[in-house]
Structures are given as C-alpha cells and as structure tokens.
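Heads up, the thing below is written out as structure tokens.
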Amino acid sequence: MKRTHLAITLTIVLGILVFAGASVSADWAAFQFRPGQLMSYSIWIEHPDRLLEGDMEFFVQEAIGGEIALMVSGFIEDEYFEGVAGAEANDLEGLYEGIFLELMMQLSPEMMHAVFATILVPWFDSILPGETLYEGYHIPYDDEWGFSADVVGHMTQADRRGWLLEVDFHEDDGWRSQMELAIDPELPLPIFIAASNVFDGPLQEADVVVRLDFYDANASPRGDLEVDRDFANLSSDVEPTGVLADLLDHFEAHGLEIGELSPKAYRMLGAAQGFGVEVDEEVFEVYWFDPEAISAATQANLDQASETGIMHFPEMEWKLPGLVRNHVFITALEFGTFWVHPRKDDIAEALETFQP
C-alpha cells in the first residue's frame, strides 16, 4: 500500500517546529498526550456521489495506576464509534495500538481510513526526524517515498496557531495527490488535515477534511478509570448469532470441538459478522456476508473467491486464501507453505455440507 504509506509517513516529518522570526525552536509534541486534554474535531468526507459528515473527540485522563487513558468517540452520519486505550505516559505505541485494535473492531472500512489515515497513524516511522521547519522551508522530492512538501505559512484553527504544510505525492505511473496539514507544536494531533486522492480503498476518490473545532487543556476527569492493557479484552465478547451460530453447531456435529472465539474486524471486510474460531488449539476465521446488504463489488469478489479460492478485499488491498459457501468465507486455514491448520481438511469437508 505504497500510496497510503506515503500519506501516512509524510505527515510526521515535523520533528522540531520553529515559528518564523523566533529564535527558540519548539518541539512538536506529536502523540504526547497529557491528562486533561480534550480535542474535538469535525469530519467531512465528500465522495463523487455523496457527502458524509461527523465529529470525533479525543479525551485524555490519568487512569488508576498512573497510566494515561486515551478515549476516542464520535459519529459519522448515524454510525457511532468509541474506544479506550491505556498505556504508560511515554508508551506511544501502546496507546496507538490499543486504540487501533479497539476501534477497528467496530468501524467500517471508510471510517477506518478516515480516522486512522488522518488522525492516528501519521506519528510513527518518521522519515525526517529532527528537521527544523520554518516558513519557506522546502522538502525536496524524494524518490523512495515519492513526495515533496513546503511550509507555506500559518493557519489558525479553534484559536490554535500552527504551521501549514502543502504536500505533493506523485509516482512514475502518473498518480498524483495533494494534502494540506496544519500543526500546532504544543498539541499531540494536527489542527487541520485536508487530503485529496491520497487514500486507497473506499476513500480513493474522496476529499477528506478533519478540522479541530475545540481544545481544552484542562478538562475535568470523567470519574475513576481503570484501563485494560489486554487489547483483546477491550472488544465486545463474541456472541455468534444467525448463520455463523448455525455453522458452529454444524462443525461440532461433524466432530470439530469448538474452543474460544476471538473478535475480528469483520466490518473492515464488508461482512455482517465474523470472528476467530479455535479448533485443536489453532485459530481460523469465519465471516458471513449478508446477501441482502452485500455490495455488488463484494458479491463479485465472493463469487470469484468460490471459484479461485482467493478473496479480494480492495479496500485493504488484501487477497486472502479461503473457502466460500452460502455467503460464508473461511480463511486463515493456512499461511503459504509454512503452516496449515491441523483440521483444515475436516473443516473444508464440513463446510461443503453446510446449509444455513
């Protein structure tokens, strides 16, 4: 996913920010959250045929035990999402991974791209650490990463003043996209992002704007909070219903003893339900696509997978080997030649006779 990686990577080029005319530099506090911080954003996603609007809020407070708890919640149209992640104050990767793993269980591919590509992902794997930026600074085109950028001035958003960057992405095949972002060096997240044609998947032809609407450095705590560092437990318990509940019963009737079920990000794949299934202490994944709600493109990919054994998920640029029957897709039964589920043949045989 080179294009998405370019968009993700470039937004972290700010290691040190210097205001024009000032003699003292300011380090950008990227993802350095402090208790009491409250940041509210508006989200605007314009597709060629529709406009989606929503909002998103980040709140930080100290959890029981002295950890930092990062809470994210919001709406996009009628879709609500929320998540909580806890980590040591300096454990940026722990905070990011906790939020990512929690929210990706809930969000559609569209919202996953909008939230993570514009807000959370950009602050990792910086390719230009320690750069000092100032008005007029130019980042020349880089062949490896395929971008160039200029610091063109300032932008004020929600009474916060930040540097404004114009970013240009382009590749040899003619693909080109632009991004603008504004960063107040004292805040852990940007105050403004506008991206066009940057993202693969569901936002490839969309214009995306994420804008800071409100910031409070000393918001009141929201009661005592104890966070769970076990990311798997952050997600809702798996409760099979409908077709997949019948499928598990069918498996057991064919001698497959079902163990623990684990949450999977089924909505990212366009499925109506999905989870990991443990059999003989090894896990594979099952997904069900609602025939009444499945998109034409996903149905076409499902039909192709039933013939070829490969399911294509263009939103995530994934091609997963698996089995298909009656809008059920089973994957993770093998990984190349390195690993094969010990009951793969039994699972495949049971699936062949499954009728919802």
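The values are calculated or read from the model by the stated rules, or taken from the named source; none is laboratory data. Just so you know, these numbers come straight off a predicted model, no measurement behind them. Because the Cβ atoms are built from the backbone with ideal geometry, glycine has one as well, and the counts that use them run over all protein chains shown.
Can you give me the ranges of the strands (runs of 3 or more DSSP E) entirely in segment 283-356 with at least 2 residues that are modelled with pLDDT under 90, touching a strand residue (DSSP E or B) at 6+ places or on another chain (Cβ under 9 Å) and under 16 Å from R267 (Cβ atoms)? Reasoning before the result, please.
On the way: elements: 310-313, 318-325, 328-331.
Correct list: 310-313, 318-325.
One residue is enough: does segment 183-195 have a residue meeting the conditions surrounded by 16 or more Cβ atoms within 10 Å (Cβ to Cβ), at pLDDT 70 or above, in contact with a Pro (Cβ under 6 Å, 6 or more places away or on another chain) and over 30 Å from S262 (Cβ atoms)?
Checked against the condition, which is being surrounded by 16 or more Cβ atoms within 10 Å (Cβ to Cβ), at pLDDT 70 or above, in contact with a Pro (Cβ under 6 Å, 6 or more places away or on another chain) and over 30 Å from S262 (Cβ atoms), segment 183-195 yields at least one hit.
What is the one condition in (1) modelled with pLDDT of 75 or more; (2) under 22 Å from A182 (Cβ atoms) that L51 does not satisfy?
The number of the failed condition is (2).
Restricting segment 235-282 to residues that are more than 20 Å from the chain's Cα centre (by Cα) and on the phi > 0 side of the Ramachandran plot, which is modelled with the lowest pLDDT? Give the derivation first.
Here is the first cut: in segment 235-282, the ones more than 20 Å from the chain's Cα centre (by Cα) are 237-261, 277-282.
Pick out the ones that are also on the phi > 0 side of the Ramachandran plot and you get 242, 255, 280-281.
Numbers: G242: 93, G255: 95, D280: 92, E281: 88.
Looking at the filtered set, the residue picked out is E281.
Filter segment 129-157 down to the residues that are at pLDDT 70 or above, assigned to a loop (DSSP other than H, G, I, E, B) and surrounded by 12 or more Cβ atoms within 10 Å (Cβ to Cβ) and list them by number.
Passing the criteria: Y134, E135, Y137.
Among the numbered conditions (1) buried (at least 18 other Cβ atoms within 10 Å of the Cβ); (2) part of a strand (DSSP E or B), tell me where P240 comes up short.
It is condition (2) that P240 fails.
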